[in-house]
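Input: a single structure, listed below in structure tokens.
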Amino acid sequence: MNNKTLAILKPDCLKRNLTGKVIDFILNKGFTIKAMKQLHLTEPEAERFYAVHKGKDFYDELIEYMSSGPCIPMVLEKENAVETFREIIGTTDPKEAAENTLRRLYAKTTQRNTVHGSDSDENAQKEIAFFFPL
Ligand code: CMP
């Protein structure tokens, strides 16, 4: 089992000045930040990161949104990181997310859902390599 996951504080998180609150929440849940940077994805970069969603009805809007402003990818470490982080961010649709999850607390819509978390150990490795190549 891998102990690392990739999180992204998405453009709406930065635009709404939620970065400090979200990082505080993550640290309070016992995650360690192993790497972190701020960048502004170009459309081609967002297309590469979200290639798995190409063809879905929300894809074009997703690319536009993720390249609309800066975001903060980070590598998080904790035992069972992928699963535990997905628990604390909540479901994709913030209206369905459990209470006291990041998306329930802060996200406005399914698309602009404030935070990303890898959905498997395999994808975590790929996503970490995307933002933090060795
Ligand atoms: P995330 O799970 O981080 O990665 C895929 C993203 O696509 C997801 O967050 C949302 O931002 C977006 N997404 C997924 N499903 C939908 C949907 N049904 N409608 C709009 N956006 C979606």
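The values are calculated or read from the model by the stated rules, or taken from the named source; none is laboratory data. Just so you know, these numbers come straight off a predicted model, no measurement behind them. All Cβ positions, glycine included, derive from the backbone under ideal geometry; neighbour counts span all protein chains shown. We work out accessible area using only protein heavy atoms, side chains counted, and drop any ligands, DNA or RNA first. Shrake-Rupley method; radii C 1.70, N 1.55, O 1.52, S 1.80 Å.
All other residues whose Cβ lies under 11 angstrom from that of Leu76 are scored, Lys and Arg at +1 and Asp and Glu at -1, for a net of +3.
Annotation: for a label point projected 7 angstrom from Cα along Cα→Cβ of Phe132, residues of the stretch 77-114 with backbone N closer than 13 Å are 77-78.
When the pairs Lys34/Lys56; Lys21/Lys78; Lys34/Lys54; Lys10/Lys78; Lys56/Lys78; Lys15/Lys78 are compared against a 26 Å limit on Cα-Cα distance, Lys34/Lys56; Lys34/Lys54; Lys56/Lys78; Lys15/Lys78 fall above it. Each label point was placed 7 Å from the Cα along the Cα-to-Cβ direction; for Ile33 and Asn80 their separation is 2.5 nm. Translational diffusion coefficient of the chain (Stokes-Einstein, Kirkwood radius from Cα pairs, 37 °C, 0.692 mPa s): 222 µm²/s. With the charge dipole of the stretch 4-131 set up from +1 on Lys and Arg Cβ and -1 on Asp and Glu Cβ about the Cα centre, the Cα lying farthest toward the positive end among the listed residues Thr32, Cys71, Asn17 is that of Asn17. For the chain, the solvent-accessible area works out to 55 Å² per residue, with a probe of 1.4 Å and every protein chain left in place. Share of carbon and sulfur in the accessible area of the stretch 4-131 stands at 46%, probe radius 1.4 Å. Here Lys37 is the anchor, and the aspartates and glutamates within straight C-alpha reach of less than 18 Å, apart from those fewer than 8 places off in the same chain, are Asp12, Asp24, Glu45, Glu77, Glu127.
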